[in-house]
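Only the coordinates and a few stated rules stand behind these numbers; no lab work does. Here the structure is a predicted model, which means the values were calculated and not measured. Here the Cβ positions follow ideal geometry from the backbone for every residue, glycine too, while neighbour counts run over all protein chains shown.
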Amino acid sequence: MALRFHWSLSQAGDPWRKTQAPSAQSGVPDLAAQIALCRLAEQSGVESLLLAFSFARPDPIVLASAIGAATESVTLMVACRSGVLSPALFVQQVNTVAALTGGRISVNIVAGHSPHEHGYYGDFLPHDERYERTREFLAVCGAFWRRQGEVEHHGRYYQIEKGRLGTPFVSSRRTAPEIYLSGNSPQAEAVAIEHADVLLRYPDTPEKLRPRVLPIVERGTAVGLRLALLIRPTREEARADAASLLAIAREKAGTTRKEFVGKTDSVAFRSTLALAEGGESSWLTPWLWTGLVPFLGEMCVVGSAADVAGALLELGDAGISHFLFSGWPDEREMRTFGAEVVPRVRQLEAAPEAAAAAPAPARSQGL
């Protein structure tokens, strides 16, 4: 299976957004910058852009409609939380965007990570129960997308009687959107296996990912990783720029991420932060760097284009088939990724014996 590449739209126009407290972030989109990044993605081998959900962001469905009208081929991955709106309304919204864009919409389901923010929307369920509700939410959505008659659902969280929608999912390739479910917890894995096409989780070393990932893949659900990229002409330049980036991020972020840690109940973020702060080195592998996690929340693949291509294929061997990227700034990393990494990956996918014979990068001793 060829590796599939996605990108986060969250930072378009503001690469240091994540260093700001959510209360200081603007929910007014920089539409021109976001459209420009989507158009660049169309030229760079990136198939979809994630439109995140947060009280500090614009509504992703409305934003997807605007961006879809200004782009040609890229898919918009809209985030949704099951506690915010009814599944019937959500399906109607997704199907409407599909009709307007020729099916260029997919869905990122997020059970949630910040109890205080859930309260803004009138949602007060604890972590595990949010996943139970998400399971029911996706069951109802699936019934509407199958279009096998009126939808009847009488569950703990949702009641649907003789449900029908006049707007079908319009696409020449699918009868329903691809569903990406985010999370690292056992609850997330279980719901993804039942209802999602892809489980999106945070990274770890290939050796530690393999036993967690392969049982999920064997049951028919793909697995993807959220990662940042830092690609430079040489490994040495990449490490030097990583050190400079860390200094800037530390200064800009201050205590913002630590404040978030005190409020979140996200297993994904807490486990990732534990990896970043609990090891002897900030390098989990020769290319996987945790240095930015406390400040920007992302693990980063660092190296030359050849290093990054090799890293992605190594993760592919561990069962990973999707990658959701970000960068600082996104435009620079996406251009380099499309011009130098994607061709290498596709060439090595077509000649796996060459990939197996390629030398592994030497382990970094830190920055």
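For an R0 of 41 angstrom, estimate the FRET efficiency from the Cβ-Cβ distance between Leu165 and Asp14 and round to the nearest 0.05. Efficiency, from the Cβ-Cβ distance: 0.70. The distance between label points at Ala339 and Ser23 comes to 4.3 nm (points 7 Å beyond Cα on the Cα→Cβ vector). Of all aspartates and glutamates in the structure, the ones whose alpha carbon falls short of 17 Å from that of Lys252, not counting any fewer than 8 places away in one chain, are Asp14, Asp241, Glu298. Figure legend: label point modelled 7 angstrom from the Cα of Glu129 along Cα→Cβ; residues of the stretch 156-183 with amide N under 16 Å from it are 156-158.
The H on the amide N of Ile105, modeled in the peptide plane, is under 5 Å from the matching H of Leu76, each at least 5 residues off or on a different chain.
Just to be sure I understand: with springs between alpha-carbon atoms less than 10 Å apart, which residue in Gly254, Gly68, Gly155 has the highest mean-square fluctuation in the Gaussian network model of the chain? Comparing Gly254, Gly68, Gly155 in the GNM, the peak value goes to Gly155.
Cβ crowding within 10 Å, taken as a proxy for footprinting-reagent exposure, orders Asp307, Asp128 from fewest neighbours to most as Asp128, Asp307. The residues neighbouring Ser44, those whose beta-carbon lies less than 12 Å from its own, together hold a net charge of -3 under the Lys/Arg +1, Asp/Glu -1 convention. So which aspartates and glutamates pass the test for Lys162, namely a Cα distance under 12 Å, with those fewer than 8 places away in the same chain ruled out? Output for Lys162: Glu150, Glu152. GNM on the chain, C-alpha springs below 10 Å: top fluctuator among Leu229, Leu40, Leu51? Looking only at Leu229, Leu40, Leu51, the largest GNM fluctuation is found for Leu40.
In a Gaussian network model over the chain where Cα atoms closer than 10 Å are linked, find which of Ser172, Ser106, Ser48 has the largest mean-square fluctuation. Residue with maximal mean-square fluctuation among Ser172, Ser106, Ser48: Ser172. Computed extension gain for Ser281 through Arg174, at 0.36 nm per residue and net of the alpha carbon distance, reaches 34.0 nm. Rounded to whole numbers, the Karplus 3J(HN,Hα) couplings from phi for the stretch 53-58 are 10, 5, 5, 9, 10, x Hz, using 6.51 cos²θ - 1.76 cosθ + 1.60 with θ = phi - 60°, and x at Gly and Pro.
Below 12 angstrom from the Cβ of Asp123, what's the summed charge of the other residues (Lys, Arg +1; Asp, Glu -1)? Taking every other residue near Asp123 into account, the sum is +1.
Couplings 3J(HN,Hα) of the stretch 104-109, computed from phi: 8, 8, 10, 10, 10, 8 Hz, in residue order, whole Hz [Karplus 6.51 cos²θ - 1.76 cosθ + 1.60, θ = phi - 60°; x for Gly and Pro]. Based on the Cβ-Cβ distance from Gln92 to Arg250, what FRET efficiency comes out when R0 is 35 Å, to the nearest 0.05? FRET efficiency, Gln92 to Arg250: 0.20. The spacing between the stretch 138-203 and the stretch 215-242, judged by their C-alpha centroids, is 28 Å.
Other residues with beta-carbon under 9 Å from the beta-carbon of Gly303 carry, at +1 per Lys or Arg and -1 per Asp or Glu, a net charge of +2.
For the modelled label position 7 Å from the Cα of Glu331 along Cα-to-Cβ, which residues of the stretch 1-25 have backbone nitrogen atoms closer than 20 Å? Zone members listed by number: 7-19.
Using θ = phi - 60° in the Karplus curve 6.51 cos²θ - 1.76 cosθ + 1.60, the 3J(HN,Hα) couplings for the stretch 167-175 round to 9, x, 7, 9, 6, 7, 10, 9, 9 Hz; x is entered for Gly and Pro. Contact order, relative form, for the stretch 4-357: 19 percent (alpha carbon pairs under 8 Å, 6 or more residues apart, mean separation divided by residue count). Legend: ranking of residues Ile193, Ile320, Ile216 from fewest to most surrounding C-beta atoms inside 10 Å; resulting order Ile193, Ile216, Ile320. Between the helical axis of 206-218 and the longest alpha-carbon principal axis of the chain there is an angle of about 30 degrees. Going from the residue with the fewest nearby Cβ atoms within 10 Å to the one with the most, Ile248, Ile61 rank Ile248, Ile61.
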